[in-house]
Structure formats: C-alpha cells, structure tokens
Amino acid sequence: MTTSLLEASHIYAGYGEVPVLRDITVHVGAGEAVGMFGPNGHGKTTLLRTISGLLRPSNGTVHFDGDDVTIAKPSDIVGRGLVHAQQGNMLFGDMGVAETLELAAFKPRARAGAKAALERVYALFPRLAERRKQLARTLSGGERQMLSIGCALMCAPRLLLLDEPTLGLSPRLKEELAVAIGEIHESGIPLILVEQDVEFLLSLTDRLYLVEHGEVAREIDQASAPDHQEIMDMYFGTAAT
Amino acid sequence: MTETLIATIVSGLLLGSLYALMASGLSLVWTTLGVFNFAHGALMTFGAFVAWTVAEAWGLGLLAGAVAGVGAAALAGVLIELLLVRPFYGHRNMLLITVMTTLAAMIILQNGAQVIWGARLKQLPPIVEGNVSIFGAVVSAHEALIIVIAPLVLLLLWWFASTTRTGRSLRAVGQNQDSAALIGIDVPRAFSLAFGLSAALAGLTGVLLGSIRFITPSLGAEPLVKAMIVVIFGGLGSLGASAGAAFVIGMLEAFLVLWLGLYWTPSILFLLLILVLVFRPNGLFGRANA
C-alpha cells in the first residue's frame, strides 16, 4: 500500500454482539515509535488484539510490511515479526523464567538468533537473569512485565506492540521500564506503546493517537506537539481544568 | 503367606501401571484443552480391537497389531477432537458441551465395535510367553513386562513434556492460550496433537490389556472409571501426581481384593475418593491454589 510498516485500515471489531472498534485507522512507519492513549474500555487493547490476530475484525484490513495479514493466524503473524506483549500478562504460571524465554523463540526465524536474544534480554533486565529458575507465577508484577517484554523480544520482533507495560507499577519500576523500552526502540525496533500516562508516552514516542469510542479521536505529532495543558484537556475534557 | 503378599504387590503394580497409562492420557487432554474426554476408555477398546484384527484375524503378528492399534486409536482421537470438540472452543459452556460430545463419541465407538467385531470374546496373544518368578511368586512374563513398560512410557512422556520444544508448547497452551499463540505456537495444532497423543496412550493400554482380559466392546469402561478416580484422587493436572495416584489406587485395590474380596472393593475405593475430595479438594497431591 504505502511505505508504512503497519497499516490497520478502517477496522471494525468487537466481542460477540458488542462493537468496540468503529472504523479505526492507524499506521506505523519504519523505525517509528507510536504512542496510544485514551480512556479505559475505548478499544486500545482490542485494536492490538485485532492486529496480532487474536481477534478477527468484522471489517477492515491489516497490512504488515506490505502483506495482508487480516485473517492470518496469530502464530503466522508472530512468525512475520509482528509481536504483541499483552496487558497484565502472567504468561505461563508453572514455567520457569529461562524456560519461558527459551520457548518464546518458537518460530524458526526467532530460533536462529535465540542465544543472542536471550543475552540481550538478561542484559536489559538483570532481575530476570537473577530469577532464571523461578516460576512465572511467583514473580512480582514488575518482573512479570519484564518477562512479558522479554518474551516479545525473543520472538525476533520487527514491530513490537506493548500494551500498558507499566500498569500498576511503582514510579521507580516504571522509570526502569521506560529506560528499557527506550533502549529497545533505539536498537532499531519500531513499536506501538499503549499507556495511560501521556508524559510517559511523550518521552518515548514520536507520534500519539488518542483513542476514544473505538476510533482515533486525535493524532498528535511530537514535532508540532501541543503543550501539556492541551493534552490534559483532550484527555479529561476541558471541564476538568 | 509371603507368596500371597508378593503376588498381591505384583497385582497392585500391574493395576497401577495400567491406571497410570490411562490416567496420564486423560490428564494430558485435561491440562492442554480443559476437556474431560469420556471417550478415553472407548479409544482403548478400539485400539485393542484393531490390534486383534491385524495381529490375529489377518495373521500379521503382534508387533504389526500393536502398531496398528496404537495408530488407529491416535487417529480416532484426532478425529474426535476435530469433529466433536473443536467446534465448541471458546463457548462459555464448553466444559458441559464436551462432556456430552465425548460421551457421544464413547457410545459411537462402543456400539460401533459391537457392530464391527461382534460380541464374541477375543484375546491378543501375550507379548512374551511363559512365567517369571519374583521372590518366589510366579507371575506371567507378559504382566511383568507391563510393569516395566508403563513406568518407561511415563518417563518418556515426562521427558517429552519438560524438555522438548513440542512438549513445552503443549504445556504453554494449557497454561495460557493467548500467550502461547502470541509467541507463535499454533494452538489448534497443539490441541489435536494432545488428543492424538492421549489416544495413542489409550491404544497402547488396550494392546497391553488385550492379552490379560477378553476384548469386548466394554473393555475400556472399567479402566476409564478407575482412571477417573485416579486423576481426581491425584489432582487433575499434573503427570507426576496422576502417576503417583495411579500406583496408590492400584496397590489399594489389590490389597482390598485380598482382604475384603472383589465385591466390596469398588465401593471402598469410591468412599476413599469422597473422603479425599472432602479433606483435600484439590486431590491428594494437588496444590491448594491449583
């Protein structure tokens, strides 16, 4: 279609009879980091689930690297390098940290670089290296997030979808994850980052989508970024000020 | 006296081995898909009948029969998953629906066996002829072989689940389907693999049992009930717990038969099951938070 790495066009999707996404269109360019924010329950997670193939859209298309992946299986989409780290994800409770990471390099494309990727994950998150043998369900919330991002990195991502990686974490841990996510992007991996914290997003991404009522309510370019107050107004409505 | 004791222990080990093979198959499907497969016993019967046809009726020998029996059971398992379980994934009443559909599969297999093979009793030849003597007690060599084969098969299964990529992927699917899909595991394929492998284990049990007992359409019914007791007793969900519970139940059964006779044994086993469920609802070896 275009030069975009990811192009999700006019997506309609929902659960059963309940529509969540209404004609939403987003794109990610090569090398770009895109932020996504908006009220809870307005479709951010549903959009990511649709892009990664967990949910079939009732209408619209998803193109990744020029190929139509709208109805591809999740396992094939991962194989292409479009990798989704879920929100509040406990992964595999009864598996150890190292075992989980090794398994995450599942697709042949990921297996080739698994050794290097594992070292990279441990360098990025030294806590995971300390807890190699520990079972996932005994990890703290922050460690689970690290494992979840670590798993996504083991899949040899060409585009990373991160769904609220700092949900429920302390400010200190949040800062730690922000640094890690920054490093991941600087190493050349484009990403979509979903977050509630706009400041956090502004520090890590080039462009923002405000998602409301299942559609893009506004697109914000960092270059012409409105000031903090304007974004707060958008988010909470002018009545909040 | 000691001879009776040893004979009873051997009988307990034999029962334990058979129950462990049955229960590990049930447990594999339960942990991967969250489906309780009531057709498991009928798959075992089916495997035994196919093995008999190939080995005896066609005269191709026991090895060919065993391979055919295990393979046919595995194929039937994959078909049951595809036709009777897969259409209901994600349905909110999936557990209840699959109870009904796998019960239907059981009835189809059982009555199908009646139609195809008739009611005349059949038996497979033993894998090895003759007897062996264990501490003075005489045991048929075939039964002794089962006692050796079962733990080996269980070890192989454990090795498969804990170290191989495919085995690990089955465990991952059982623990979190979405996450498994998002690291690239083909979840539907994992389901059919789990069902096929489980049915292959049922088929193997049928082949082993087919030369100890007569092969009838209801051959698998009693072992299925025992395997259900075992998996509930051990706590559904872990291979080690199921295998451990299988040997506990097998040994208990052997000694209950010795002390109380055949008639009271099933009642006592069910009574014990109720007691375990009252005092340890997650099974004898189950985790409290499982």
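The values are calculated or read from the model by the stated rules, or taken from the named source; none is laboratory data. What you are looking at is a predicted structure, and each value in this text was computed from that prediction instead of being measured. Glycine gets a Cβ as well: all are built from the backbone with ideal geometry, and neighbour counts include every protein chain shown. Keep in mind that these areas ignore ligands, DNA and RNA; they rest on the heavy atoms of the full protein, side chains included. Shrake-Rupley method; radii C 1.70, N 1.55, O 1.52, S 1.80 Å.
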- Message: Testing the spin-label approximation: label points 7 Å from Cα along Cα→Cβ at B:Q123 and A:S170. State their distance in nm.
- Response: 7.1 nm
- Quick one: what Rg and Dmax do you get for segment B:139-290 from the alpha carbons, in Å? 17.5, 55
- Item | Degrees separating the helix A:141-154 axis from the principal Cα axis of chain A, which is the longest one | 80 degrees
- Evaluate the Kirkwood expression for the hydrodynamic radius of chain A, namely the inverse of the mean inverse distance over all pairs of different C-alpha atoms, and round to one decimal in Å. 18.3 Å
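Inverting the mean 1/r over all pairs of different Cα atoms, compute the Kirkwood radius of segment B:175-214 and quote it in Å.
Kirkwood radius, segment B:175-214: 12.0 Å.
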- Message: Please compute the modelled spin-label separation between B:R189 and B:L75, points set 7 Å along Cα→Cβ, answer in nm with one decimal.
- Response: 2.2 nm
- Message: Can you give me the C-alpha center-to-center distance between segment B:128-200 and segment B:58-93, rounded to a whole angstrom?
- Response: 15 Å
- Please determine, in degrees from 0 to 90 and to the nearest 10, the orientation of helix A:171-186 with respect to the longest principal axis defined by the Cα atoms of chain A, where the helix direction is its Cα long axis. 90 degrees
- At a 1.4 Å probe, which residues in segment B:142-180 are at least 50 Å² less accessible with all protein chains present than in their chain isolated? B:R165, B:R168, B:Q175, B:D178, B:S179
- Item | Net charge, A:E183 excluded, C-beta distance under 12 Å - Lys, Arg +1, Asp, Glu -1 | -1
- Note on the structure: Probe 1.4 Å, heavy atoms of protein chains only: per residue, the accessible area of the protein assembly as shown in Å² is 44 Å²
- Hydrophobic long helices for chain B, i.e. whole DSSP H runs reaching 27 angstrom or more by Cα along the axis with Kyte-Doolittle mean at least 1.0, come out as B:2-33, B:94-117, B:141-163, B:187-209, B:239-260
- Message: Averaging over every viewing direction, what projected area does the convex hull of the Cα atoms of segment B:22-220 cover, in nm²?
- Response: 12.2 nm²
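Taking 26 Å as the cut-off for C-alpha to C-alpha distance, list the pairs among A:K44/A:K174; A:K133/A:K174; A:K44/A:K115; A:K44/A:K73; A:K107/A:K133 that go past it. Before the final figure, lay out the partial values.
Numbers: A:K44/A:K174 20 Å; A:K133/A:K174 24 Å; A:K44/A:K115 33 Å; A:K44/A:K73 20 Å; A:K107/A:K133 23 Å.
Cα-Cα > 26 Å for A:K44/A:K115; rest within.
Net charge within 13 Å of A:E7 by Cβ-Cβ distance, Lys/Arg positive one each and Asp/Glu negative one each, not counting A:E7 itself?
Details: positive: none; negative: A:E32, A:D65, A:D67, A:D68.
So the surrounding residues net to -4.
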- What's the local net charge at A:S75, with K and R +1, D and E -1, over the other residues with C-beta under 9 Å away? +1
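Normalising by the residue count of segment B:90-157, find the relative contact order in percent from Cα pairs under 8 Å and 6+ residues apart. Please report the intermediate quantities before stating the final value.
Working: 22 pairs, mean separation 10.8, N = 68.
Result for segment B:90-157 is 16 percent.
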- Item | Degrees, to the nearest 10: A:114-124 long Cα axis against longest axis of chain A | 70 degrees
- Message: 5 Å is the cut-off here: which amide hydrogens, built 1.01 Å from N in the peptide plane, fall below it relative to B:N131, excluding neighbours closer than 5 in sequence?
- Response: B:A141
- Task: Distance from a point 7 Å along Cα→Cβ of A:S140 to each backbone N in segment A:104-129: keep the residues under 19 Å and list them by number.
- Result: A:122-129
- How big is D for segment B:198-270, in µm² s⁻¹ as a whole number, if Stokes-Einstein is applied with the Kirkwood radius of its Cα pairs at 37 °C and 0.692 mPa s? 247 µm²/s
- For the protein assembly as shown, what's the radius of gyration and Dmax over Cα atoms, in angstrom? 28.0, 94
